[in-house]
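Here it is: the structure, laid out below.
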Ligand SMILES: Cc1cc2nc3c(=O)[nH]c(=O)nc-3n(C[C@H](O)[C@H](O)[C@H](O)COP(=O)(O)OP(=O)(O)OC[C@H]3O[C@@H](n4cnc5c(N)ncnc54)[C@H](O)[C@@H]3O)c2cc1C
């Protein structure tokens with residue numbers, strides 16, 4: 001069903017919510033983003049910001065096409081966002097080395113090489129240790145080789161989220177501070193409870209990240225999103241920079257535009273505890289030194305932790321809430337929420353405006369995939 005939408009309420013001012021508001025604003029729909037703290041104050045503001053569409057969760061199957069679409073959208077958007085918002089999201093493209101230290105690593109990182117090599121705009125090759133050391137001379141000496149990916153990149157997560165919000169505001173959106181405590185149907189629209197007030201709107205979007213499951217009570221729908229904690233270290237080492245982005249297992253490191261080396265990460269199921277821990281620091285540091293032992297001399301400047309929104313199959317949830325006409329979900333992007341936010345926001349806006357979207361891969365993101373388990 002397509003509604004004649006004039007205005008929307010977006011609940012949550014992370015990258016998912018701000019992207020949706022931006023794409024709606026581009027088509028003249030005024031959104032109000034309701035954020036309980038501040039824009040980008042959780043995972044979106046502390047993420048590493050890597051844009052790696054060719055590996056990790058969801059790739060190559062089933063989201064390779066979606067992920068590449070999202071990456072290309074970032075590449076196009078970065079200069080547009082800067083011009084519109086005045087905020088530089090620090091998009092860059094840089095070679096990425098996915099390192100191997102054992103035969104097991106080699107088998108794992110080359111498993112999808114043939115598929116990755118077919119994606120236009122990227123060059124992906126296995127290179128042996130000598131070539132790795134030529135690119136990154138200070139890599140740990142027992143490296144046996146790497147997959148070199150040329151074409152992927154990164155943004156700075158907080159700046160990107162702020163740029164999306166600011167650009168949306170320039171086009172008529174509004175950000176207000178408040179905690180949403182309930183949602184109800186109201187005629188053809190939706191009534192959203194914020195503090196002691198009720199705001200009625202044509203359409204609403206739930207983009208509350210790891211807190212989305214709270215909305216099960218308000219909507220009666222199954223929204224199985226849980227918090228998945230990750231920690232990042234920012235380090236300083238005078239006059240030393242990584243030339244590439246390094247990856248090994250679930251961990252990564254890169255020199256970022258702020259002059260620091262960022263290294264992550266952990267994967268922790270500890271509920272809503274988002275405090276950095278000494279164990280998290282040591283785990284990230286151990287993986288970092290495995291990749292680049294010279295960084296043992298670096299000084300720790302900042303240590304952050306935050307919560308990714310994770311679904312049971314690791315894929316985002318994008319689409320209309322089952323049983324509702326004018327309420328949408330845009331959440332659950334786990335480890336790839338900065339990358340995927342362009343496709344998620346675009347698709348949510350398309351569905352609101354036109355009832356469908358041309359963004360590829362959306363059949364894997366439908367909210368209904370979790371309904372059967374609840375109803376049976
Ligand atoms: C350590 C780490 C590293 C990461 N690195 C990368 C990376 O390299 N590349 C990548 O693509 N992704 C990365 N991610 C993942 C990415 O950060 C997340 O997937 C993404 O930020 C999730 O965005 P979101 O908008 O869904 O959620 P959030 O950023 O959590 O935003 C949700 C917002 O909703 C608000 N909210 C919640 N409940 C309410 C309510 N009731 N009323 C009002 N507001 C509410 C919250 O305050 C919050 O601001 C990383 C994540 C972590 C933790």
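Express as a percent, rounded to the nearest 5, the fraction of DSSP beta bridges in the chain (both residues included) that run antiparallel.
Of all bridge pairs located within the chain, approximately 75 percent are antiparallel.
I've got another one for you. Output the 0 to 90 degree angle, nearest 10, between the alpha-carbon long axis of helix 157-170 and the longest principal axis computed from the alpha carbons of the chain.
On a 0 to 90 degree scale, this one is about 30.
With the Cα gyration tensor of segment 1-139 giving a ≥ b ≥ c as the square roots of its eigenvalues, does the rule (a/c under 1.5 for rounded; else a/b larger than b/c for prolate; else oblate) give rounded, prolate or oblate? Could the numbers behind the result be given before it?
Working: a/c = 2.48, a/b = 2.09, b/c = 1.18.
It comes out prolate by the Cα gyration axes.
Related question: Sorted by packing (mean other beta-carbon atoms within 10 Å per residue), highest first, where do 246-252, 236-242, 47-53 land?
47-53, 246-252, 236-242
While we're here: If packing is taken as the mean number of other Cβ atoms within 10 Å per residue, what is the order of 259-272, 285-298, 7-20, highest first? Don't skip to the end; give the middle numbers.
Working: 259-272: 18.4, 285-298: 16.9, 7-20: 30.4.
Peptide ranking by packing, descending: 7-20, 259-272, 285-298.
Can you tell me the orientation of helix 337-354 relative to the chain, as the angle in degrees between its alpha-carbon axis and the longest Cα principal axis, to the nearest 10?
It is inclined by approximately 30 degrees.
Quick one: compute the contact order of the chain, relative version, from alpha carbon pairs under 8 angstrom and 6+ residues apart, as a percent.
Once normalised by length, the contact order is 24 percent.
For the chain, what is the Kirkwood estimate of the hydrodynamic radius, computed as the reciprocal of the mean inverse distance between distinct Cα atoms, to one decimal in Å?
Answer for the chain: a Kirkwood hydrodynamic radius of 21.1 Å.
Right, next: Between segment 122-199 and segment 240-265, how far is it from one alpha carbon centroid to the other, in angstrom?
Going from one Cα centre to the other spans 16 Å.
Next question. Please arrange 328, 92, 61 by how many other C-beta atoms lie within 10 Å of their C-beta, fewest to most.
61, 92, 328
In what sequence, highest mean first, do 171-182, 300-311 appear when ranked by Cβ atoms within 10 angstrom? Can you show the working numbers first?
Working: 171-182: 16.5, 300-311: 19.2.
Ranked by mean Cβ neighbours within 10 Å, highest first: 300-311, 171-182.
Counting only the backbone N, which residues of segment 230-246 are under 14 Å from the spot 7 Å out from the Cα of residue 138 toward its beta-carbon?
Under cut-off, by backbone N: 235-246.
Just subtract the alpha-carbon distance of residue 273 and residue 184 from 0.36 nm times their residue separation and send over the number in nm, one decimal. Walk me through the numbers before you get to the answer.
Working: separation 89, 0.36 × 89 = 32.04 nm, distance 2.96 nm.
Contour length minus Cα-Cα distance gives 29.1 nm.
Using 1/(1 + (r/R0)^6) with R0 = 35 angstrom and r between the beta carbons of residue 128 and residue 239, what's the FRET efficiency to the nearest 0.05? Provide the component values of the computation, followed by the final result.
On the way: r = 28 Å, r/R0 = 0.81.
Efficiency for this residue pair is about 0.75.
Now for a separate question. Using Cα atoms only, what is the angle between the long axis of helix 64-85 and the major principal axis of the chain, expressed in degrees (0 to 90) to the nearest 10?
80 degrees
Coordinate-derived values only; no laboratory data. Source: prediction; values computed, not measured. Here the Cβ is made from the backbone with ideal geometry for all residues, glycine too, and neighbour counts use every protein chain on show.
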